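Engineer: I'd like to ask some things about the structure below.
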Amino acid sequence: MDFNDSPEEAAYRAQVRAWLEANAPKRHAGGDPEGGGDTMSASKAWQAKKAAAGYAQITWPKEWGGPGGTPIQQVIFNQEEAKHPIPPNPFQIGLGMCVPTVMTFADEDTKKRFVGPALRGEEIWCQLFSEPSGGSDVAAARTRAVRADDGSGDWIIDGQKVWTTGAQFSDFGIVVCRTNPDAPKHKGLTMFWVDMKDPGIEVRPIHQMSGGSGFNEVFFTGVRVKDSQRLGAVDDGWRVSLVTLMNERLAVGGPSGAGWKEFMEAARSIAGLDGAPALKDQALREKIADWYVATEGLKHTRNRTLTALSRGQTPGPESSIGKVISAVQMQELANTAIEMLDQYGIINDPALSPLKGGFQSSVLFAPGLRIAGGTDEILKNIIAERVLGLPGDIRVDKDVPFKDMPTGR
């Protein structure tokens, strides 16, 4: 691994740093931290400014509004941008997962219609994959799309999706549907793009214990879509979904929330059972040491990814390691912090709580992070099979028609 920027990378970092110093917001926008409500105008303005300067999607080719840059340049920009009080990014799912799928599988007219507005922050996309009975098993989708019986070639979609991030303020979405129940579950899916303002689509925000409503239930009732809204071939939706999922697993799972350094600082100022600082407790110190070791391991795993990007290589499935470790650690660290704070741990007031309620926010958000982008179990299977080369799980449903499965109707 090489921890230093190459001369070209150092020059690009200096260019990015200068642009951000001149253009980035000087203070955080107030309002909804999930990117909706009052902060949406600030988010759209910042996205438009980045797009005009060629920083919205650095790796995208010039024909689609990007500068045709390298993945390591995108990483450098993200690192420098994170140092500024930028508004929330409600475009991440669309630009990182949905629109690349559209760019790969849609016809030219569809790409010309959607790529530019999404890049400039004028339109927002969501990803409609998870279902109540499927969880992280995307191939178990039961939302159905059937041909209209009027000979038009259109499709009618009925069903339900859940845990859809940002659906309440999205303009469009990509949805995977069951189109052939006579085929095994991975071979009877088809992907479409849909207009989220269609009257047959109902979005119900899910009130989370953190107080936010970033996730949603989405119901489809007789939603009519044209065959031109299909992404990829009929019944080939699993292959199309893999393109989206690869982007999702790479995007979800960076470090977030209060970490071991913040915990240790709080432990210095909080009294333990014997009146001494909590940091003097040997068992607590062992936990901090474990978190430190895990954090350093993740840092160097990410450095391997950055080195691969710098050399023009494509990172592999080992990117799944990041979310498995960081999500679990975030939950364990936050739970321990709340216990350490004793009765003050229930105070979720930024004006009174350590780190402005950082531990409280983490303990409420962490369970969702262990689901987003694939559950721990799904990602561990990816690591076991594709990184370590272990035998795959036995799949008794591999060749069974979906309609013959217990939940396949």
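Engineer: For the stretch 18-138, what class follows from the C-alpha gyration tensor (a ≥ b ≥ c being the square roots of its eigenvalues): rounded when a/c is under 1.5, otherwise prolate if a/b is larger than b/c, else oblate?
Structural biologist: On the way: a/c = 1.76, a/b = 1.21, b/c = 1.45.
Because a/c hits 1.5 or more and a/b fails to exceed b/c, the stretch 18-138 counts as oblate.
Engineer: Using a 1.4 Å probe and ignoring any ligands, DNA or RNA, find the accessible area of F219 and quote it in Å² to the nearest 10.
Structural biologist: Looks like 40 Å² after rounding.
Engineer: If you don't mind, another one. Using the crude model of +1 on Lys and Arg Cβ and -1 on Asp and Glu Cβ, and no other charge, please compute the dipole size for the stretch 278-390 relative to its Cα centre, in debye to 20.
Structural biologist: About 500 debye.
Engineer: Continuing with this model, one more query. Would you work out the charge dipole size for the chain about its Cα centre, treating the Cβ of every Lys and Arg as +1 and the Cβ of every Asp and Glu as -1, and quote it to the nearest 20 debye?
Structural biologist: With only Lys, Arg, Asp and Glu charged at Cβ, the dipole is about 540 debye.
Engineer: Now for a different question. Using +1 at the C-beta of Lys and Arg and -1 at the C-beta of Asp and Glu, which of I76, M40, I86 has the Cα lying farthest in the positive direction of the dipole of the stretch 40-90?
Structural biologist: The residue sitting farthest along the positive end of the dipole is M40.
Engineer: Of the trypsin sites (Lys or Arg not before Pro) in the stretch 85-114, which ones lie in a loop per DSSP and count no more than 12 other C-beta atoms within 10 Å? Don't skip to the answer; put the middle values down first.
Structural biologist: On the way: sites: K111, K112, R113; in loops: none.
Qualifying residues, ordered by number: none.
Engineer: Still on this structure, please answer the following. Whenever you get a sec, line up T104, T336 from highest to lowest accessible area (probe 1.4 Å, protein heavy atoms).
Structural biologist: Largest accessible area first, the residues go T104, T336.
Engineer: While we're here: Probe radius 1.4 Å, ligands and nucleic acids ignored: give me the carbon and sulfur share of the accessible area of the stretch 3-133 as a rounded percent.
Structural biologist: Roughly 52 percent of what the probe reaches on the stretch 3-133 is carbon or sulfur.
Engineer: Taking the Cα centre of the stretch 1-133 as the origin, how large is its charge dipole in debye, to the nearest 20, when only Lys and Arg (+1) and Asp and Glu (-1) carry charge on their Cβ atoms?
Structural biologist: Result for the stretch 1-133 is approximately 440 debye, rounded to the nearest 20.
Engineer: In a shell of Cβ-Cβ distance under 13 Å around K261, excluding K261 itself, what net charge do Lys and Arg (+1) and Asp and Glu (-1) give? Don't jump to the answer; show the numbers that get you there.
Structural biologist: Details: positive: R268, K299; negative: E262, E265, E296.
Summing Lys and Arg as +1 and Asp and Glu as -1 gives -1.
Engineer: In the full protein assembly as shown, how much of H186 is accessible to a 1.4 Å probe, in Å² to the nearest 10?
Structural biologist: We get 50 Å² for H186.
Engineer: Name the shape class, rounded, prolate or oblate, that the alpha-carbon gyration tensor gives for the stretch 369-409, where a ≥ b ≥ c are the square roots of its eigenvalues, rounded holds for a/c under 1.5, and otherwise prolate holds if a/b is larger than b/c and oblate otherwise.
Structural biologist: Oblate, since a/c reaches 1.5 and b/c is not below a/b.
Engineer: Relative contact order, percent, of the stretch 41-109 when contacts are C-alpha pairs under 8 Å separated by at least 6 residues?
Structural biologist: Relative CO of the stretch 41-109 lands at 23 percent.
Engineer: Another question, if that's okay. Taking only protein heavy atoms into account and a 1.4 Å probe, give the accessible area per residue of the chain in Å².
Structural biologist: That works out to 50 Å² for each residue.
Engineer: Also: 222 nm [θ] for the chain, helices only, -39500 (n - 2.57) per DSSP H run of 4+, per residue, to 500?
Structural biologist: -12000 deg cm²/dmol
Engineer: Working from Cα positions, state the angle (0 to 90°, nearest 10) between the long axis of helix 320-340 and the longest principal axis of the chain.
Structural biologist: 50
Engineer: Counting only C-alpha contacts under 8 Å and six or more residues apart, can you give the relative contact order of the chain as a whole percent?
Structural biologist: Working: 668 pairs, mean separation 55.1, N = 409.
It comes to 13 percent, rounded to a whole number.
Engineer: If one takes the longest principal axis of the Cα atoms in the chain, at what angle in degrees, from 0 to 90 and to the nearest 10, does the Cα axis of helix 108-119 lie?
Structural biologist: So the inclination is approximately 20 degrees.
Engineer: Okay, next question. Calculate the translational D of the chain in whole µm² s⁻¹ from Stokes-Einstein, where the hydrodynamic radius comes from the Kirkwood formula applied to all Cα pairs, the temperature is 25 °C and the viscosity 0.890 mPa s. The partial results should precede the final answer.
Structural biologist: Numbers: Rh = 23.2 Å.
My calculation gives 106 µm²/s for D.
Engineer: If you take the charge dipole of the chain about its Cα centre, with +1 on Lys and Arg Cβ and -1 on Asp and Glu Cβ, which of L333, T305, W19 is farthest toward its positive end?
Structural biologist: W19
Engineer: Any idea of T301's accessible area? Nearest 10 Å², probe 1.4 Å.
Structural biologist: T301 has an accessible surface of roughly 40 Å² with all protein chains in place.
Engineer: Hey, another quick one. Could you give log10 I(q)/I(0) at q = 0.17 Å⁻¹ for the stretch 90-241, computed by the Debye formula over C-alpha point scatterers of equal weight, without solvent?
Structural biologist: -0.95
Engineer: Filter K112/K161; K287/K380; K44/K287; K49/K187; K161/K287; K50/K185 down to the pairs with a C-alpha to C-alpha distance above 32 Å, please.
Structural biologist: Going by Cα-Cα distance, K44/K287; K49/K187; K161/K287; K50/K185 fall outside the 32 Å limit.
Engineer: What are the ³J(HN,Hα) couplings of the stretch 122-127, residue after residue, when phi is run through the Karplus curve with 6.51, -1.76, 1.60 and θ = phi - 60°? Round to Hz, x for glycine and proline.
Structural biologist: Listing the rounded values in order: 7, 9, 10, 10, 10, 10 Hz.
Engineer: Relative to the longest principal Cα axis of the chain, at what angle does helix 237-251 sit, 0 to 90 degrees, rounded to 10?
Structural biologist: Tilt of helix 237-251: around 20 degrees.
Engineer: At most 11 other Cβ atoms within 10 Å and a DSSP loop assignment: could you name the trypsin sites (Lys or Arg not before Pro) in the stretch 329-392 that fit?
Structural biologist: Filter output for the stretch 329-392: empty list.
Engineer: Given a 10 angstrom Cα cut-off, can you work out which residue in D235, D195, D150 is the most mobile in a GNM of the chain?
Structural biologist: D150
Engineer: Which one of P67, S130, L388 has its Cα pushed farthest toward the positive end of the charge dipole of the chain, where Lys and Arg give +1 and Asp and Glu give -1 at the Cβ?
Structural biologist: The residue sitting most towards the positive pole is P67.
The values are calculated or read from the model by the stated rules, or taken from the named source; none is laboratory data. Being a predicted model, the structure only gives us computed values, none of them experimental. No Cβ is skipped: glycine too gets one built from the backbone with ideal geometry, and neighbour counts run over all protein chains shown. For the accessible areas, the whole protein counts, side chains as well, though only heavy atoms, and no ligand, DNA or RNA atoms are used. Shrake-Rupley method; radii C 1.70, N 1.55, O 1.52, S 1.80 Å.
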